[in-house]
Every structure is written in structure tokens, then in C-alpha cells.
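**Student:** Before I ask anything, here is the structure I am working with.
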Amino acid sequence: MDPTALTNDYLPTLIRYLIAAAGIGGIMVALYTVLLRLGVNREAATGYALITPWLLGFLIWTAYPMVASFYLSFTEYNVLQPPRWIGLTNFERIFGRDIDFWPALRITVLYALLSVPLGVAGSLLVAILLSANIRGLGVYRTIYYLPSILPAVATALLWRWLFNPDVGLLNSALRPILRPFGLSPPNWFGDPAFVLPAFILISLWGIAGANMVIFLGALKNVPRHLLEAAEIDGANAWHRFWRVTLPIITPVIFLQVIMGIIGGLQIFTVAAFIRYTPAAGKFMNVLIYQAGFQQFRMGYASALAWILFAIILALALLVFRSSEAWVYYEGSKK
């Protein structure tokens, strides 16, 4: 590589990084000094100074974009011209005239409501299987975890090939089974009736990933003396799981349901890289992407994003409200 080209291409970027690092370091030192002068003890001042980079990142890359998108949702903005205030017009168009919105909302909510319970139950089942004391358990855990570290784009392309109606592995296996009944394998992404089931099947690919590891940790933390006491009292394996293990790990199940709803409603990568019939409806994040980055209607896309945020918040609050009836916390009184 030409040293001159290397210097011209990378040196300015390196200098900007060093300047940014020096600026953040200066802010940390300044904050530490100010807090000490305000009477804050040295340990607390050090803590606040050390989290300053995270706070700056949150304010710049999360809080500011959220506030800006909320403002843009009430404007007409095409990136090339300044935003123009139009009030609630974007929301009126979405709810009243956008023929893609209601199908998108339907398929996105149905996907989340169906895939989350299956994903949580599947992750728990795999964790139970991998919590058994068998030979080569570490190898099995590694093998089951591998799908979660594969690139999402590569996984989407793999599933698109597996669901191919003509030469896909799934239909090749179904064809001999369905032939005696005079049936043909489904056109998974060409028939609107099979699009949602196909994406739900794809979502099960990740049940052996991080969720499985979290459940595995929860199962290992179930007090052994409670299980032994139940066994002494005559409880079989199913009763020990249902009456002892499951109530103790309900906080983890609660966490997984909340995170699953948030992730399920924001499905994007798989839906963006798999071509399926538009008659089934576009997923919300795909609709937002098309409005913002293909049609350059940033104000409209921001309004769609805030509607999706409201739906996620409403479902999450619903789960929070219901948690009092089924989530058990050790030491709590009901």
C-alpha cells in the first residue's frame, strides 16, 4: 500500500478521533473538578466522571435523535429542504390514507404475539435440556449457541434458500409427504397465507442463543435445597419443575417476554433481505425504512416510528401490569 495514500486516507480520521478523545477526557476532568468544588465526595465524583462518555453518547446518539424525530413527525421533511411544520397531517395520512399501514401493523403485531411465546418457551426448553449432567455438555452448549453469532444477513439469505418453493430443503422434504394426498408444498413467500408462518419459523432459529444462556443461568440458580425438599415430599420431576423451578424463574421469563416484544415488533433485517409478496403486508420497520431512506419522507417516517414506539410501550406496560399476577420475587408478599 502506498504510504502517501495511507497517510491521506487515514491520518485525518485518526486525528479527529484523537481530538474527540481529548475533548471527552477534558470534559471528564472538568466535571470531576466541578463536583469536588460543589462538595461531592471524591468517590462519587470519580464515578460521575467515569460514566461521562456513556452520558455523552446517550445524549448525542439517543436522546437528541428521539427529540428530533418527535419534532420531525409533525413536519414535512425531505432532507434536501428545511422541515416545514404541518401539525398532525402525517398522522392523519397514516391512519386514514396509507394503504400500507394497517396491513403492516397487522403482520407486525401478529408476528410479535405469536413468535415471542414460542421463542420464550423454546429457549426455556433448550435450557432445561442443556442443564442436565451428561457427558460432553460443554460441546452441546457451544453447538446450540452457534446460530446466535451468525450474521443476520447471511441467516436471512440461508432461510430464503431453505424456503424456496422449487428447490428449497423444506419443500423437498414436504413434497413426498404431501404427494399421496394430492397436495403441493406451500409457496412460503409467494402466498400471503404462508408469509407469517414462515417468518415465525425463522424466528425460532434464535431460541438457542442469548435467551437460552439467560435461562440456563436462572435454572442453575434455583436453590437445590428446595428441589430436594420437594423430592423428599414425593414430588416427581414435573411437579418439581411446575411448583418450584418455574415460580422462581418467573422474573427471568418476565424479562424475556419484555425483550422479546421489543425485538419482535422491530423485526427488520430478515424482512428486508427476504423478498415476499406485498399482499401479506410490510413489517413496520421496513415501511419506516422505505418512507425515510427510499422515498426521503423523513417526517412521515418519524411519525411511523413514533406510532411503533407507542405500540411497543403499550404492550410492554400491559405485560408490566400483568406481572403482579404471575411473577414471583423472593421475599415479596402477596
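**Student:** From TRP61, TRP85, which residue is in contact with a strand residue (DSSP E or B) (Cβ under 8 Å, 6 or more places away or on another chain), hydrophobic (A, V, I, L, M, F, W, C) and closer than 30 Å to ARG297 by Cβ?
**Tutor:** Matching residue, one of TRP61, TRP85: TRP85.
**Student:** Can you go through TYR71, TYR64, TYR111 and tell me which one is within 27 Å of GLN294 (Cα to Cα) and assigned by TED's automatic domain parsing to the domain that holds TYR289?
**Tutor:** TYR111
**Student:** Which residue out of ILE202, ILE207 is at pLDDT below 90, of a type in the set (Val, Ile, Thr) and crowded, with 17+ Cβ neighbours inside 10 Å?
**Tutor:** ILE207
**Student:** For the range 123-130, does any single residue satisfy the condition of being within 30 Å of PRO247 (Cβ to Cβ) and touching a Lys or Arg at 6+ places or on another chain (Cβ under 9 Å)?
**Tutor:** Among the residues of the range 123-130, at least one is within 30 Å of PRO247 (Cβ to Cβ) and touching a Lys or Arg at 6+ places or on another chain (Cβ under 9 Å), which makes the answer yes.
**Student:** While we're on this one: Please go through the range 297-316 and pick out each residue that is small (Gly, Ala, Ser) and either under 16 Å from GLY87 (Cβ atoms) or surrounded by fewer than 19 Cβ atoms within 10 Å (Cβ to Cβ) (or both).
**Tutor:** Within the range 297-316, GLY299, SER302, ALA303, ALA310, ALA314, ALA316 meet the criteria.
**Student:** Identify, please: which residue in the range 149-163 is touching a residue at least 12 places away in the same chain (Cβ under 8 Å) and under 18 Å from ILE200 (Cβ atoms) and is, among those, surrounded by the fewest Cβ atoms within 10 Å (Cβ to Cβ)?
**Tutor:** Ranking the qualifying residues of the range 149-163, first place goes to ALA152.
**Student:** Tell me which residues, restricted to the range 8-60, are within 34 Å of the chain's Cα centre (by Cα) and outside any helix (DSSP H, G or I).
**Tutor:** Once the filter is applied, which keeps residues that are within 34 Å of the chain's Cα centre (by Cα) and outside any helix (DSSP H, G or I), the range 8-60 yields only ILE51.
**Student:** Sticking with this structure for a sec: Pull out all pairs, ordered by first then second residue, where Cβ-Cβ is under 6 Å, the residues are six or more apart or on different chains, the first lies in the range 304-323 and is in the same structural domain as ILE262 (by TED's automatic domain parsing), and the second is polar (S, T, N, Q) and not in a helix (DSSP H, G or I).
**Tutor:** TRP306/SER73
**Student:** For the range 81-152, which helices (runs of 4 or more DSSP H) that fit wholly inside it have 3 or more residues that are over 26 Å from ILE249 (Cβ atoms) and either in contact with a His (Cβ under 8 Å, 6 or more places away or on another chain) or at pLDDT 95 or above (or both)?
**Tutor:** It comes to 89-96, 101-130.
**Student:** Can you tell which of VAL257, VAL327, VAL286, VAL319 is within 30 Å of PRO82 (Cα to Cα), modelled with pLDDT of 90 or more and of a type in the set (Val, Ile, Thr)?
**Tutor:** VAL286
**Student:** A follow-up question, please. Out of (1) within 21 Å of GLU330 (Cβ to Cβ); (2) surrounded by 13 or more Cβ atoms within 10 Å (Cβ to Cβ), the odd one out for MET212 is which?
**Tutor:** Just one mismatch for MET212, condition (1).
**Student:** Shifting gears a bit: Identify all residues within the range 74-108 that are acidic (Asp, Glu) and either free of Cβ contacts under 8 Å to residues at least 24 places away in the same chain or in the same structural domain as LEU265 (by TED's automatic domain parsing) (or both); write none if there are none.
**Tutor:** GLU92, ASP98, ASP100
**Student:** Right, another one. Of (1) modelled with pLDDT of 90 or more; (2) within 18 Å of the chain's Cα centre (by Cα), THR155 satisfies all except one. Which?
**Tutor:** THR155 satisfies every listed condition except (1).
**Student:** Just need a number here: residues in the range 164-191 that are in a helix (DSSP H, G or I) and either crowded, with 16+ Cβ neighbours inside 10 Å or basic (Lys, Arg) (or both).
**Tutor:** 4
**Student:** Given the structure, is ALA229 touching a helix residue (DSSP H, G or I) at 6+ places or on another chain (Cβ under 7 Å), farther than 23 Å from GLY119 by Cα and free of Cβ contacts under 8 Å to residues at least 40 places away in the same chain?
**Tutor:** It is false that ALA229 is touching a helix residue (DSSP H, G or I) at 6+ places or on another chain (Cβ under 7 Å), farther than 23 Å from GLY119 by Cα and free of Cβ contacts under 8 Å to residues at least 40 places away in the same chain.
The values are calculated or read from the model by the stated rules, or taken from the named source; none is laboratory data. These numbers come from a predicted model, not from an experiment. Don't worry about glycine lacking a Cβ; one is built from the backbone with ideal geometry, like all the others, and counts go over all protein chains shown.
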